[in-house]
Amino acid sequence: MLSFKKVFLYLIVLFLYKSSSYGQAPLTMIQIQKQYGGIWIDKKTSRCLQITFENDSYVMITDWTAKYQCRASGDVYKAFIKNARLVMPEDKEHHAPYSEITVEKNKLVYRTKPNGILKSSTWDKQIFTRKK
């Protein structure tokens with residue numbers, strides 16, 4: 001009877017351990033591609049972003065303003081995939097600030113940390129919706 005209790009207790013602990021480990025599984029590359037890939041538009045400014053996946057470590061972001069230019073004449077940036085976010089490190093040579101891109105509630109959130117002498121603690125934030 002004592003061994004039955006030990007086995008039963010072991011199975012309960014094993015079950016609880018296994019069930020809790022699946023709650024925060026990291027996103028797979030396919031999920032990240034579905035989440036970020038495609039064309040995103042900020043309707044207020046007509047700014048557009050096209051996100052394409054080059055490999056498992058970085059993406060290419062084409063940035064243009066539809067009101068004034070076509071996609072082919074847009075700027076192209078490289079963003080690294082880190083913890084299911086797209087991260088663009090600060091580039092002092094080209095005066096590019098540190099930026100992070102996340103998807104929250106089916107909207108793309110583009111946050112930029114100001115650089116230079118007048119650094120503030122607040123981040124610039126721009127919201128994009130997926131092009132239909």
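The values are calculated or read from the model by the stated rules, or taken from the named source; none is laboratory data. All of these numbers come straight from a predicted model, not from anything done at the bench. Neighbour counts run over all protein chains shown; Cβ positions are idealised from the backbone, glycine included.
Worth a mention:
- Criterion: among the hydroxyl-bearing types (Ser, Thr, Tyr), outside any loop (DSSP other than H, G, I, E, B) and at pLDDT 90 or above - qualifying residue of Thr45, Thr62: Thr62
- Considering segment 76-128, and only residues there that are assigned to a loop (DSSP other than H, G, I, E, B) and aliphatic (A, V, I, L, M), the residue that is modelled with the highest pLDDT turns out to be Ala84.
- Pairs, first at negative phi in segment 70-82, second at pLDDT below 90, C-beta under 8 Å, six or more apart: Tyr77/Ala96; Phe80/Ser57; Phe80/Pro89; Ile81/Asp56; Ile81/Ser57
- Lone unmet requirement of (1) of a type in the set (S, T, N, Q); (2) at pLDDT 95 or above; (3) not in a strand (DSSP E or B) for Asn55: (2)
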